[in-house]
1. Counting just the residues of the stretch 306-325 that are surrounded by 24 or more Cβ atoms within 10 Å (Cβ to Cβ) and among the hydroxyl-bearing types (S, T, Y), which one comes out farthest from the ligand (Cβ to nearest atom)?
2. In the stretch 326-336, which residues are away from the ligand (no atom under 13 Å from the Cβ) and touching a residue at least 60 places away in the same chain (Cβ under 8 Å)?
3. Among all residue pairs at least 6 apart or on different chains, which show Cβ distances below 7 Å where the first residue, located in the stretch 247-274, is away from the ligand (no atom under 16 Å from the Cβ) and the second is aromatic (F, W, Y)?
4. Only one residue in A69, A90 is of a type outside the set (D, E, K, R), surrounded by fewer than 22 Cβ atoms within 10 Å (Cβ to Cβ) and touching a residue at least 40 places away in the same chain (Cβ under 8 Å). Which one?
5. Only residues that are farther than 26 Å from G121 by Cβ, not polar (S, T, N, Q) and not in a helix (DSSP H, G or I): list them for the stretch 301-330, please.
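None of the figures in this text is laboratory data; all of them are computed from the coordinates on show. Just so we're clear, the structure is a prediction, and the values are computed from it rather than from any experiment. Cβ: placed from backbone, ideal geometry, glycine included. Neighbour counts: every protein chain shown.
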Amino acid sequence: MNNSGKVEVLIPRSLFSFDNQSHIHVDNEGFSAVKIIWKDGKVTNIKSLNKEVSLPKEILFPRFVESHAHFDKSFSWTNFPNFKSNYENALSVNLEEHITRTPKKVLDRAEKSLNLAISNGYRAIRTHIDTYYSQDKEIWSGLFDLKNKYSHFLKLQFVALAQLEFWSSSDGDILARELKLHNGILGGVLVPPFNKRKAEVLLTNTLLLAKKYNLEIDLHIDESSVSPAAGIRTLIKTIDRLKSNVPITCSHSSSILCLKERQILKLGKELAKRNIKVIALPLTNFWLLNRDDINMPLRRPVAPVKQLQRSFVDVSIGSDNVQDPWYPFGDFDPFYLFSYAMPMLQLNPWDRLSLSALINAPSRLLKLDWDGVVMEGCPADFVIVKGKAWADIFSGKISRKILINGEWYKK
Ligand SMILES: [Zn+2]
């Protein structure tokens, strides 16, 4: 059988599970040596390797999940650079780019992104797609075709990222109905300065529309270094007034970090109580927010992953933009994100909660069948890299093999 095989590898302790857990040896960086056997694309056996045998020279991860991307604008930097590197100019260049958009340009960017993501080791991606009134309708049908075309390799989930006003319009209603058929999500932006009363009305309409079609909402919210948590507080107020139980994701939530410690934990509890999920996006936040061309600012707002986890919020860490006006770097490589996010956010790779935010929480966010913990019966969906320690993974010259449903992926 092509989709059967076995490997002897190291694997982070929090990323596997089997019945007889009593004799597992874990090294001081949190790796265990295991033998994994798969048949017909599923793991049939996993067992701990004896300490005395020579240690494996490869490290195994489940294939990765990206919680927040922007396929529609990736690689547009060349034609639409943002040399000021701040949020305001990113937005104005983004709007210039919209004027030149054609379905072909957007679909080419999306397909290039997909191919890179698959060969770098992703198995699922939630991507936002800019959505506006004058948009060519063919963009959406082309994107839904791409989702089907690549479904064997990668699960794609779209968020229609519109101004909140759009979800109060008849066009918004039509698209929401369409999104429901394709497992899509309603998206919007709530970033200061905004009029609170108007924001409450628009959020109300968006929540009601989501309820009507049984959809989720993912907002770019509080992506700012001012008015800490203003958007999230307005959102919570609206949710409570409507007694809404629409599933919500708060992407960015950066300005929360500007609150006092005590307030962060209190807000975290409010989010957890309503099962609101958060995605921290350190790369774009560090790049765009609180920019100072002369002095390097100490204050670098990004969702406080550790405090939110301590308040039992399910926090994912995502990449956000790739080579567009919002961020000039990146190439849909999970190890690029890992290599920067860990030192930026002071996350230890040997801690379970760090890997949870990068691997298991995004799997839960996208409601995937598998949360990424390797065990009997799980899909043989792995990324195997050369190395024996975390330093080998963050070396910048990683060599990887991708296994998809038990078969080695060839580009
Ligand atoms: Zn984004």
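1. Step one: list which residues in the stretch 306-325 are surrounded by 24 or more Cβ atoms within 10 Å (Cβ to Cβ), which gives 308, 313, 315-322, 324-325.
Filter once more, keeping what is among the hydroxyl-bearing types (S, T, Y): 316, 319.
Values: S316: 13, S319: 9 Å.
Checking each candidate, the answer is S316.
2. From the stretch 326-336, those away from the ligand (no atom under 13 Å from the Cβ) are 328-329, 331-336; that's our starting set.
Correct list: P328, D331, F332, D333, P334, F335.
3. If the second residue must be aromatic (F, W, Y), the pairs left are A272/F312.
4. Numbers: A69 fails: surrounded by fewer than 22 Cβ atoms within 10 Å (Cβ to Cβ).
Step by step, each of A69, A90 is checked, and only A90 is of a type outside the set (D, E, K, R), surrounded by fewer than 22 Cβ atoms within 10 Å (Cβ to Cβ) and touching a residue at least 40 places away in the same chain (Cβ under 8 Å).
5. Across the stretch 301-330, the qualifying residues are P301, P304, F312, V313, P325.
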